[in-house]
Amino acid sequence: MNTFLLNVTACDRVFFEGYCRQVILPLEDGEKGIQAHHENMVFAVNVGELRIQTEDGAWITGVVGSGFAQVINNRVSVLVDTAEHPDEIDVRRAKEAKERAKEQLRQEQSIREYHMSKASLARAMSRLRYSSKDDMRI
């Protein structure tokens, strides 16, 4: 199977850099799978599960925040707010963040604050959903 160069970068680190067979990214309305020689494009990445099939066929799974991806000349660059392996997720902290975000949504706030609270809730729920390897689907 053909491979392509993938770079997944978060604000604080490079999550993955290397060749892979395919990457599956979360979108607002589903998922997008990218394989070698995909057409050039730019699209928004949503909070959710990222799956990477490496050159040897193994799968790497992660939880990413919002961002965007660029596909150009058999290279894919993914820039996201956060990227974590499931075993790096602090479940207690994610539960606390979820409760804080829910409480903020109950309060009167500006439109900007409302959208920030919704984004915080989405990140926390995504972390909780994919924190256990038993819950991962490949």
Worksheet entry | the range 24-76: number of residues that are in a strand (DSSP E or B) and of a type in the set (Asp, Glu) | 2
Item to complete: With respect to Gly30, determine if the residue is small (Gly, Ala, Ser) and under 11 Å from the mean Cα position of the chain (by Cα).
Response: no
Worksheet, complete the sentence: Every listed condition ((1) modelled with pLDDT of 95 or more; (2) out of contact with any Leu (no Cβ under 6 Å at 6 or more places or on another chain)) holds for Glu49 save (1)
Discussion item. Where the second residue is aromatic (Phe, Trp, Tyr) and outside any loop (DSSP other than H, G, I, E, B) and the first is in contact (Cβ under 8 Å) with a residue 60 or more places away in the chain and lies in the range 44-58, which pairs have Cβ atoms under 7 Å and are six or more apart or on separate chains?
Written reply: Glu49/Tyr130; Arg51/Trp59
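Say we look at the range 113-131 and pick out the residues that are among the aliphatic types (A, V, I, L, M) and buried (at least 19 other Cβ atoms within 10 Å of the Cβ); which of these is farthest from Thr82 (Cα to Cα)?
At the first step, the residues of the range 113-131 found to be among the aliphatic types (A, V, I, L, M) are 116, 119, 121-122, 124-125, 128.
Okay, now just the ones that are also buried (at least 19 other Cβ atoms within 10 Å of the Cβ), so 121, 124.
Details: Leu121: 14, Ala124: 12 Å.
It comes out as Leu121.
The values are calculated or read from the model by the stated rules, or taken from the named source; none is laboratory data. Note that this is a predicted model, so its numbers are computed, not measured. Cβ atoms come from the backbone with ideal geometry, glycine included; neighbour counts cover every protein chain shown.
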